[in-house]
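Below is one structure, written out as structure tokens; the observations come after it.
The values are calculated or read from the model by the stated rules, or taken from the named source; none is laboratory data. Please read these numbers as outputs of a predicted model, since none were measured by experiment. Note: ideal-geometry Cβ built from the backbone for every residue, glycine included; neighbour counts use all protein chains shown. Remember, those area values only see protein heavy atoms, side chains included, never the ligands or the DNA or RNA. Shrake-Rupley method; radii C 1.70, N 1.55, O 1.52, S 1.80 Å.
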Amino acid sequence: MQPRILVADDDPIILRLLEVNLGLEGFAVETALRGEDAVARARETHPDLIILDVMMPGMTGHDVAGQLKGDPTTADIPIVFLSARTQEEDRARGRALGVAAYITKPFDPGELVDIVRRLATA
């Protein structure tokens with residue numbers, strides 16, 4: 001069975017890039033343009049891993065991670081932050097929320113695939 005990955009980013013180009021790259025590596029990929037949609041889909045489909053942009057309109061990646069990690073039905077899903085924010089305080093906030101990895105944009109798709117493979121199939 002293919003590991004299921006949920007990707008949430010407000011940039012449709014990044015969503016498509018990740019959908020194609022992860023799909024080529026054998027992952028089933030769902031996408032969401034908004035944080036609210038990511039929360040709903042995560043609760044509905046319980047993916048093997050979630051990739052979240054930190055800066056999204058409405059619910060931020062921090063908000064989404066906080067809700068999902070606070071919900072016993074989704075708390076065990078690994079979350080990877082993918083963000084243009086590079087400050088240590090941003091990384092520390094992600095760690096405090098229980099995020100498994102923090103990748104900065106621009107990113108190396110191969111490195112991201114390696115991280116996803118390691119976390120989604122663990």
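Among (1) open to solvent by 10 Å² or more (accessible area, probe 1.4 Å); (2) in contact (Cβ under 8 Å) with a residue 12 or more places away in the chain, where does Ala92 come up short?
(2)
Which of the residues spanning the stretch 22-44 are in contact (Cβ under 8 Å) with a residue 24 or more places away in the chain and farther than 17 Å from Val80 by Cβ?
Residues satisfying the conditions are Gly26, Leu33, Arg34, Asp37, Arg43.
Quick one: which of Val29, Val20 is in contact with a Gly (Cβ under 6 Å, 6 or more places away or on another chain) and open to solvent by 10 Å² or more (accessible area, probe 1.4 Å)?
Answer to the check: Val29.
Using the structure shown, decide if Leu119 is touching a helix residue (DSSP H, G or I) at 6+ places or on another chain (Cβ under 9 Å), surrounded by 14 or more Cβ atoms within 10 Å (Cβ to Cβ) and among the hydrophobic types (A, V, I, L, M, F, W, C).
For Leu119, the condition - touching a helix residue (DSSP H, G or I) at 6+ places or on another chain (Cβ under 9 Å), surrounded by 14 or more Cβ atoms within 10 Å (Cβ to Cβ) and among the hydrophobic types (A, V, I, L, M, F, W, C) - is not met.
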